[in-house]
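The values are calculated or read from the model by the stated rules, or taken from the named source; none is laboratory data. Bear in mind that the values here come from a model prediction, so they are computed numbers and not experimental data. All Cβ positions, glycine included, derive from the backbone under ideal geometry; neighbour counts span all protein chains shown. Quick note on the areas: whole protein, heavy atoms, side chains included, nothing else; ligands and nucleic acids left out. Shrake-Rupley method; radii C 1.70, N 1.55, O 1.52, S 1.80 Å.
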Amino acid sequence: MSIIVLGTVALDTVKTPHGKRHNLLGGSAAHFAVAARFFTEVHLVAIVGGDFPKEYINFLRKKGIILTSLIRSEGKTFRWSGEYAGDLNTALTLSTELGVLSIFKPQIPHHQRKIENVFLANIDPDIQMHLLNCMESTRLVGLDSMNYWIKNKKHSLNKLLKEVDIYVANDQEARDLSGEHNLIKAARALRKLGPRFIVIKKGEHGVLFYCDKFIFSYPAFPVERVIDPTGAGDTFAGGFMGYLSQEKNINEKSLKRAVVYGTILSSFNVEGFGMDKISSLTKDRIKSRLNKFKKILAF
């Protein structure tokens, strides 16, 4: 089984208490794809500008990510600059340059329209809906968004939520969209908007999963030194959806394992700037950390 992901591929400039890095490979689709590749074939749908480094294109290809629908357009690549301080839970956005993202309309060939597993990573919900309408026979559709779209395109987002199976949100996004402060109530309210499964990311406090039949929550993997949390949520989603896409049965057992794999991969992501740590990650190291996490969870 394979998965197709729509989102952003960006150039990030990040400052944390551990230093500053310029023009890192970033974006919701890029972080998702680099994590999901451990479990399945990943097709990436995004746009970059003429200034996008060829080394990053080569990097993604070497990781086995299929770039047939990565558009390279005249203009500048989407850029984000942010700074983290204190506990590193929240980024202060210093600048955002949309560049070619402002003209992006996904274009995918016929053979990719048949891919059954779809993830709509953070991007304009109208673009997400356009991609979803192109797909011919979906099996599992996941969605991520952000507070900007909740505030500025709530109608489009609500329309999209009726068409997806999984909604992935952080705790603040879940509260903002649902109007509920308690996360259980928030998850229940989000479930009523359409998705069968609600996944609420709580940063260093782990993940809450909700559906009609069961609820569960796992902590984050304890990381001693957080360097850069940028892309951790997208990395989690990549591990989560990547694992599910190669599972025949979507049930409580597979959903729990998917959450754990997402948690493990995101724990590697935060240990370095950008994709420094996850780019050199091996399946053996993932398995080793998974076994450590099992002991922590006592299962």
Check: What percent does the relative contact order of the chain come to when contacts are Cα pairs within less than 8 Å and at least six residues apart?
Finding: 18
Notebook entry, point to check: Under 20 Å Cα-Cα from K54, which lysines qualify once same-chain neighbours fewer than 8 residues away are excluded?
Noted result: K62, K63, K76
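Under the classification rounded if a/c is under 1.5, otherwise prolate if a/b is larger than b/c and oblate if not, where does the chain fall, given a ≥ b ≥ c as square roots of the Cα gyration tensor eigenvalues? The partial results should precede the final answer.
On the way: a/c = 1.25, a/b = 1.09, b/c = 1.15.
Taking the square roots of the gyration eigenvalues as a ≥ b ≥ c, the chain is rounded.
With a 1.4 Å probe and all protein chains left in place, how much accessible area per residue does the chain have, in Å²?
Numbers: 13410 Å² over 299 residues.
With the other protein chains kept in place, the chain gives 45 Å² per residue.
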Check: Given the protein chains as shown and a 1.4 Å probe, how many square angstrom of E173 are accessible, to the nearest 10?
Finding: 10
Check: For the chain, what % of the accessible area comes from carbon and sulfur atoms, probe 1.4 Å?
Finding: 47
Next item on the list: Give, in nm to one decimal, the length gained when the segment between R113 and N89 is fully stretched (0.36 nm per residue of separation minus the Cα-Cα distance).
Entry: 5.0 nm
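How large is the direction-averaged shadow of the alpha-carbon convex hull of segment 1-145, in nm²?
Numbers: hull surface 35.5 nm².
Spelled out: convex hull of the Cα atoms, projected over all directions, averaged, 8.9 nm².
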Next item on the list: Hand me the tally of lysine pairs in segment 183-288: alpha carbons under 23 angstrom apart, and the pair either on different chains or 8 or more positions apart.
Entry: 28
Check: Computed FRET efficiency, Cβ-Cβ of N152 and R188, R0 22 Å: what is it to the nearest 0.05?
Finding: 0.30
Notebook entry, point to check: What's the FRET efficiency of E97 with D212 using the Cβ-Cβ distance as r and R₀ = 41 Å, to the nearest 0.05?
Noted result: 0.45
